[in-house]
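Heads up: the structure comes next, in structure tokens.
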Amino acid sequence: MVGGGRMDRVRRNSLLNLMALLLLAGILHLFGRYGTDYQIRILNNMAIFITLSVSYNLINGVCGILHLGPNAFIAIGAYTSAILTMSPMEKQMNYIIEPLMWPFSVLNAPFLIALLAGGVLATFFAFLVSFPVFRVRGDYLAIVTLGFGEVIRVLCNAFQGITNGPLGLKGLAPHTNLWWSWGVAAVTVVVISKLVNSSYGRAMKALREDETAARAMGIDPFKHLLTAFLISAFFSGIAGGLLAHLITTISPTLFTFFLTFNLLIMIVVGGLGSTTGAVIGAALFAWGGEALRIVEQPVQFAGLKIPGIPGMRMVVFSLILMIVIIFARHGIMGRHEFNWDWFFRGGNRAISSR
């Protein structure tokens, strides 16, 4: 009876997950048909941030490793997908100081192949850097990954024959739409949720709590941390490709530590270690970033004109982060995850309390 009840819950939850995906598809269809360009842009940003925050949370929240270099993998994915989707004529028009190196100058690929190539190349660089990264822990690991992010940004500036240097790449095809961005976000959430709930995920959580004890139980820290690092880099690279083909212009200034700081805000506010929290934090950041534009605009108050201050949005976000750290240290979700059993238990409690 107990096993049958569990199977019924599994079937019910699978059906509810399918219904939720169909509902999401319906909402995207309505916005794609009737929404304004501004609304669609916000939804695309939200989906890309969800992909980035969920993948970033895997290494920072689930594994407990302070990784400060996701901007490097986003840059690698963005440049790779951009170069592959550009036609030879578009490459000639962009690379006016120094021509693009062969064979990149003649390579051309469909958008899906370009996205996957960006993710694979980001994973390759993550594999190379993982050996020095995981030889250290704590603040030293954070410094190494931060340095790697800065190295990639400097190389993007210096390699004129590949990245076009500080001029960047312009006129990219706007391939990213609601279906691409939200499709990738959904796949990212499903894959990482499955991983976190697997034996590998439990081993990663054990390493987060006490690496020495986990090692004594037979868990290989390098293997499990490397797995999380590579998966996080892969999805970050794909998200970089989506970002490049959403804004259609990229340059090295886009991939500074400021981007990593934004991701830190998302996962800390949502709850370190919670995939649900990472989704909520990303959604709030994407929506709040637009809602808080008002603080950067001139304001008339009591006959006085207060000029707008560029960058005030990030000051507000920083204040919100400080408030969360002080009063809600575990974020919105803490380490909890949304599930249908919890949802129905909460609903039953609300009904019984009436």
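Please tell me if Leu128 is under 25 Å from Ile42 (Cβ atoms), out of contact with any Lys or Arg (no Cβ under 8 Å at 6 or more places or on another chain) and of a type outside the set (Val, Ile, Thr).
no
Which condition breaks for Ile97 when tested against (1) surrounded by 16 or more Cβ atoms within 10 Å (Cβ to Cβ); (2) not in a helix (DSSP H, G or I)?
Tallying (1) surrounded by 16 or more Cβ atoms within 10 Å (Cβ to Cβ); (2) not in a helix (DSSP H, G or I), Ile97 fails exactly one: (1).
Would you confirm whether any residue within region 165-186 is in the same structural domain as Thr256 (by TED's automatic domain parsing), hydroxyl-bearing (Ser, Thr, Tyr) and not in a helix (DSSP H, G or I)?
yes
Going through Gly161, Gly168, Gly147, Gly183 one at a time, which residue ends up being over 17 Å from Asn57 (Cα atoms) and touching a Ser or Thr at 6+ places or on another chain (Cβ under 7 Å)?
Numbers: Gly161 fails: touching a Ser or Thr at 6+ places or on another chain (Cβ under 7 Å); Gly147 fails: touching a Ser or Thr at 6+ places or on another chain (Cβ under 7 Å); Gly183 fails: touching a Ser or Thr at 6+ places or on another chain (Cβ under 7 Å).
Of Gly161, Gly168, Gly147, Gly183, the one residue that is over 17 Å from Asn57 (Cα atoms) and touching a Ser or Thr at 6+ places or on another chain (Cβ under 7 Å) is Gly168.
Given the options Thr256, Thr276, name the one that is out of contact with any Phe, Trp or Tyr (no Cβ under 8 Å at 6 or more places or on another chain), among the hydroxyl-bearing types (Ser, Thr, Tyr) and in the same structural domain as Val54 (by TED's automatic domain parsing).
Details: Thr276 fails: out of contact with any Phe, Trp or Tyr (no Cβ under 8 Å at 6 or more places or on another chain).
After ruling out the rest, the residue left standing is Thr256.
Out of region 45-70, which residues are under 12 Å from Ser181 (Cα atoms) and surrounded by fewer than 24 Cβ atoms within 10 Å (Cβ to Cβ)?
First, pick out the residues of region 45-70 that are under 12 Å from Ser181 (Cα atoms): 45-52.
Once the filter is applied, which keeps residues that are under 12 Å from Ser181 (Cα atoms) and surrounded by fewer than 24 Cβ atoms within 10 Å (Cβ to Cβ), region 45-70 yields Asn45, Met46.
Cβ-Cβ distance below 9 Å, separation of 6 or more or different chains: which pairs start in region 222-239 with a residue that is under 9 Å from Phe127 (Cα atoms) and end on one that is modelled with pLDDT under 95 and not in a helix (DSSP H, G or I)?
Note: pairs meeting the criteria are Leu226/Phe134; Phe229/Cys63; Phe229/Ile65; Phe229/His67; Phe229/Phe134.
Taking region 28-75 on its own, how many of its residues are closer than 20 Å to Ile143 by Cα, hydrophobic (A, V, I, L, M, F, W, C), out of contact with any Ser or Thr (no Cβ under 7 Å at 6 or more places or on another chain) and in a helix (DSSP H, G or I)?
Summing the residues that are closer than 20 Å to Ile143 by Cα, hydrophobic (A, V, I, L, M, F, W, C), out of contact with any Ser or Thr (no Cβ under 7 Å at 6 or more places or on another chain) and in a helix (DSSP H, G or I) in region 28-75 gives 3.
Of Gly218, Gly241, which residue is under 18 Å from Phe73 (Cα atoms) and assigned by TED's automatic domain parsing to the domain that holds Ile74?
Result: Gly241 is the single residue among Gly218, Gly241 that is under 18 Å from Phe73 (Cα atoms) and assigned by TED's automatic domain parsing to the domain that holds Ile74.
Which residue out of Ala109, Ala114, Ala122 is surrounded by 13 or more Cβ atoms within 10 Å (Cβ to Cβ), hydrophobic (A, V, I, L, M, F, W, C) and not in a helix (DSSP H, G or I)?
That would be Ala109, the only listed residue that is surrounded by 13 or more Cβ atoms within 10 Å (Cβ to Cβ), hydrophobic (A, V, I, L, M, F, W, C) and not in a helix (DSSP H, G or I).
Leu225: at pLDDT 75 or above and crowded, with 20+ Cβ neighbours inside 10 Å, yes or no?
Spelling it out, Leu225 is indeed at pLDDT 75 or above and crowded, with 20+ Cβ neighbours inside 10 Å.
Only one of these is surrounded by 14 or more Cβ atoms within 10 Å (Cβ to Cβ) and of a type outside the set (Asp, Glu): Ala25, Ala20. Name it.
Only one candidate passes the filter, namely Ala25.
Which of (1) surrounded by fewer than 15 Cβ atoms within 10 Å (Cβ to Cβ); (2) of a type in the set (Ser, Thr, Tyr); (3) modelled with pLDDT of 80 or more is the odd one out, the single condition Thr260 does not satisfy?
(1)
Right, Gly138: at positive phi and either surrounded by fewer than 16 Cβ atoms within 10 Å (Cβ to Cβ) or modelled with pLDDT of 90 or more (or both) or not?
Yes; evaluated as a whole, the condition is true for this residue.
Being surrounded by 14 or more Cβ atoms within 10 Å (Cβ to Cβ), hydrophobic (A, V, I, L, M, F, W, C) and more than 24 Å from Pro252 (Cβ to Cβ) is the requirement here; does Val196 meet it?
When the stated conditions are applied, Val196 passes them.
Here are Asn44, Asn60: which of them is under 20 Å from Phe124 (Cα atoms), touching a residue at least 24 places away in the same chain (Cβ under 8 Å) and not hydroxyl-bearing (Ser, Thr, Tyr)? Before the answer, list the steps.
Values: Asn44 fails: under 20 Å from Phe124 (Cα atoms).
Going through Asn44, Asn60 in turn, just one is under 20 Å from Phe124 (Cα atoms), touching a residue at least 24 places away in the same chain (Cβ under 8 Å) and not hydroxyl-bearing (Ser, Thr, Tyr): Asn60.
With the requirement that a residue be at pLDDT below 90 and either on the phi > 0 side of the Ramachandran plot or among the hydrophobic types (A, V, I, L, M, F, W, C) (or both), what does region 269-288 give you?
Answer for region 269-288, where residues must be at pLDDT below 90 and either on the phi > 0 side of the Ramachandran plot or among the hydrophobic types (A, V, I, L, M, F, W, C) (or both): Val269, Gly271, Leu272, Gly273, Leu284, Phe285, Ala286, Trp287.
Quick test of your reading of the structure: Ala244 fulfils all but one of (1) farther than 30 Å from Ala173 by Cα; (2) touching a Leu at 6+ places or on another chain (Cβ under 9 Å). Name the failing condition by number.
(1)
For the subset of region 77-87 comprising residues that are surrounded by 13 or more Cβ atoms within 10 Å (Cβ to Cβ) and not hydrophobic (A, V, I, L, M, F, W, C), which member is nearest to Leu167 (Cα to Cα)?
Narrowing region 77-87 to residues surrounded by 13 or more Cβ atoms within 10 Å (Cβ to Cβ): 77-86.
Those still in the list that are not hydrophobic (A, V, I, L, M, F, W, C) too: 77, 79-81, 85.
Details: Gly77: 18, Tyr79: 13, Thr80: 16, Ser81: 17, Thr85: 18 Å.
Checking each candidate, the answer is Tyr79.
The values are calculated or read from the model by the stated rules, or taken from the named source; none is laboratory data. Bear in mind that the values here come from a model prediction, so they are computed numbers and not experimental data. No Cβ is skipped: glycine too gets one built from the backbone with ideal geometry, and neighbour counts run over all protein chains shown.
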